[in-house]
Amino acid sequence: MQSLFDFIIKPKKERYDNIKQIGDQELILNSEISSHQYVSRIGIVLAIPKAEPTDIKVGDEVIIHHNVFRRWYDVRGIEKNSRSYWKEDKYFVKPDQIFLYKRNNKWHAPKGYCFVKPIQSNNILLEKEVPLRGIIKYVDKELKNIDKEDLVGFTPSSEYEFVIDGERLYRVLTNSISIKYERQRNEKEYNPSWA
């Protein structure tokens, strides 16, 4: 089965990522379905769209929008699947809902997205990280003159936080990268202990 414009994706593990293993005990972090923070964002590609050119292949691991696997309650209190739901553990996902893909244990950014690592502020009295700046971790290959490890600035409210492989990153739209700074190579990446 192949969709014309959408990917078909299944969750890598479960729909929700709300259990943490501590030693030999399981800690349930959240028991509600409405909180987007505990929805799994990791899926496996089962089929690619027929009409959309893509670098993503069947079997790739992908980071997707939190509403794809999410369940919710309607106004009558009835539990519903997201509009992406197709059938048991299979979901239709639009290309702009895929933010990263992994092949051969290496993450890649698809067209339209970059991932930026926040940098630590030198001023400990104000903020822990420098606002609207970061180091490119995963770069859209269509972004010209900017490479991995470059120091960039981005527009306000264009970042969205993700934790990828235990590292806190911002997903930034490629067209929201506004400036490339000269990197001094003394910038420290900011990764809080909870990430």
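With respect to Q97, determine if the residue is more than 17 Å from the chain's Cα centre (by Cα) and among the polar types (S, T, N, Q). It is false that Q97 is more than 17 Å from the chain's Cα centre (by Cα) and among the polar types (S, T, N, Q). Exactly one residue out of I124, I164 is out of contact with any strand residue (DSSP E or B) (no Cβ under 6 Å at 6 or more places or on another chain), at pLDDT below 90 and β-branched (V, I, T), and it is I124. Per this entry, K102 is not counted among residues that are modelled with pLDDT under 90 and at negative phi.
Is it the case that some residue within segment 94-110 is free of Cβ contacts under 8 Å to residues at least 40 places away in the same chain, more than 22 Å from T54 (Cβ to Cβ), surrounded by 12 or more Cβ atoms within 10 Å (Cβ to Cβ) and not assigned by TED's automatic domain parsing to the domain that holds L173? No - not one qualifying residue is present in segment 94-110. When the residues of segment 98-122 are filtered to those that are basic (K, R) and assigned to a strand (DSSP E or B), the one that is farthest from N191 (Cα to Cα) is R103. Taken over segment 1-43, the residue count meeting the criterion of being among the acidic types (D, E), at pLDDT below 85 and surrounded by fewer than 18 Cβ atoms within 10 Å (Cβ to Cβ) is 3.
Listed here are the residues, each with its yes/no results for (1) at positive phi; (2) surrounded by 15 or more Cβ atoms within 10 Å (Cβ to Cβ); (3) in contact with a helix residue (DSSP H, G or I) (Cβ under 8 Å, 6 or more places away or on another chain).
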site	(1), (2), (3)
K148	no, no, no
G153	no, yes, no
S158	no, yes, yes
Y170	no, yes, no
S178	no, no, no
E182	no, no, no
R185	yes, no, no
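For D140, are the conditions met, namely being of a type outside the set (G, A, S) and crowded, with 16+ Cβ neighbours inside 10 Å? Spelling it out, D140 is indeed of a type outside the set (G, A, S) and crowded, with 16+ Cβ neighbours inside 10 Å.
The values are calculated or read from the model by the stated rules, or taken from the named source; none is laboratory data. Remember, it's a predicted structure, so these values are computed and weren't measured experimentally. Please note: Cβ atoms are built from the backbone with ideal geometry, for glycine as well, and neighbour counts cover all protein chains shown.
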